[in-house]
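Take a look at the structure below.
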Amino acid sequence: ENYRMLFEDSKDAIIIATSQGEIVEINQAFLDLLGYSRGDVSVLKMWDICAEHGQEMNLIKEIFRTGAVRDFELKTKRKDGAVIDCLITAGAKLSPAGKVTGYQGIIRDVTERKKLEMKVLEIGSGERLKIGQELHDNVGQQITGIALKSKSIAKALAKKGLPEAKDVERLTVLANQAINQVRDVAKGLVVVDFK
């Protein structure tokens with residue numbers, strides 16, 4: 001009775017299925033998550049809730065390879081057709097002889113978390129773009145101005161035969177190196193892949 005209460009009161013969806021994938025037991029959180037009634041579930045197989053073809057086989061292969069999976073990413077399909085991102089922790093139920101008699105798992109909805117992660121990436125990308133543009137448009141231009149001015153000063157000093165011309169020429173080289181470094185950093189900040 002204590003285990004039944006834990007099973008039913010869990011905030012995460014729990015599913016128990018046969019080795020052929022027939023769903024034999026689910027909790028209320030499962031019904032709430034996927035929008036089914038208990039009657040609906042009686043005709044479903046566990047792969048019917050998978051949104052992408054083939055992912056159920058990947059899940060089963062992983063269970064056989066490792067004995068169990070933890071936080072396996074799975075896109076599930078609600079009764080209304082909506083696709084949600086989930087993590088599943090599951091394992092095989094074995095007979096005393098070691099034969100698979102079924103599967104049991106816990107399904108956690110992470111759709112909102114995924115949306116927030118994408119939003120954070122988008123915000124981060126926007127900030128990187130701003131910083132990259134600032135570096136390129138402002139800092140890069142200022143260093144370019146310094147490089148041009150130091151080159152002009154170096155020429156003027158060289159015309160007068162002053163030894164400081166070499167030091168100022170070195171400043172021009174350093175300024176040009178700094179321009180290239182700023183350009184590389186700015187390019188690195190702007191390139192982002194969300195996939």
Q: Report the label-to-label distance for residue 75 and residue 51 in nanometres (one decimal), using points 7 Å from each Cα along the Cα→Cβ vector.
A: 0.6 nm
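Let me check against my output: what whole-number percent is the relative contact order of region 54-195, with C-alpha pairs under 8 Å and at least 6 apart? Kindly include the intermediate steps, with their values, before the conclusion.
Working: 155 pairs, mean separation 23.8, N = 142.
Over region 54-195, the number comes to 17 percent.
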Q.
Compute a Gaussian network model of the chain, connecting alpha carbons closer than 10 Å, and tell me which residue from 28, 181, 20 fluctuates the most.
A. 181
**Q.** Helical contribution to [θ] at 222 nm, DSSP H n ≥ 4, -39,500 (n - 2.57), averaged over the chain, rounded to 500
**A.** -17000 deg cm²/dmol
(Q) Distance between the C-alpha centers of region 118-159 and region 78-112? Whole Å please. (A) 53 Å
Q. When the chain is modelled as a GNM with alpha-carbon springs shorter than 10 Å, which of 145, 21, 91 fluctuates the most?
A. 145
Q | ³J(HN,Hα), Karplus 6.51/-1.76/1.60, whole Hz, each residue of region 51-66, x for Gly, Pro | A | 7, 10, 4, x, 5, 5, 5, 4, 4, 5, 4, 5, 4, 5, 5, 10
Q | For the chain, projected area of the alpha-carbon convex hull averaged over all directions, nm² | A | 18.0 nm²
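Can you send over the carbon and sulfur percentage of the accessible area for the chain, probe radius 1.4 Å, protein chains only? It would help to have the intermediate numbers written out before the result.
Details: 7270 of 12940 Å².
Ligands and nucleic acids excluded, carbon and sulfur give 56 percent.
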**Q.** Extreme residue, positive dipole direction of the chain, given options 157, 110, 168 (C-beta unit charges)
**A.** 157
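Over the chain, average the accessible area per residue using a 1.4 Å probe and give it in Å², no decimals. Mind showing how you got there, number by number?
On the way: 12940 Å² over 195 residues.
Normalised by residue count, the accessible surface of the chain is 66 Å².
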Q: Using DSSP to define loop residues, name the GluC sites (Glu not before Pro) in region 1-73 whose beta-carbon has at most 11 other beta-carbon atoms within 10 Å.
A: 1
Q: Would you work out which of 6, 63, 74 lies farthest towards the positive end of the dipole of region 5-118, given +1 charges on the beta-carbon of Lys and Arg and -1 on that of Asp and Glu, about the Cα centre?
A: 63
Q. When Lys and Arg each count +1 and Asp and Glu each count -1, what net charge do the other residues less than 14 Å away from residue 6, Cβ to Cβ, add up to?
A. -3
Q: Please identify, among 131, 16, 49, the residue showing maximal mean-square fluctuation in a Gaussian network model of the chain using a 10 angstrom Cα cutoff.
A: 131
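The values are calculated or read from the model by the stated rules, or taken from the named source; none is laboratory data. None of these values were measured; they are calculated from a predicted model. Note that each Cβ is placed from the backbone with ideal geometry, even for glycine, and that neighbours are counted across all protein chains shown. Note: areas computed on protein heavy atoms with side chains; ligands, DNA, RNA excluded. Shrake-Rupley method; radii C 1.70, N 1.55, O 1.52, S 1.80 Å.
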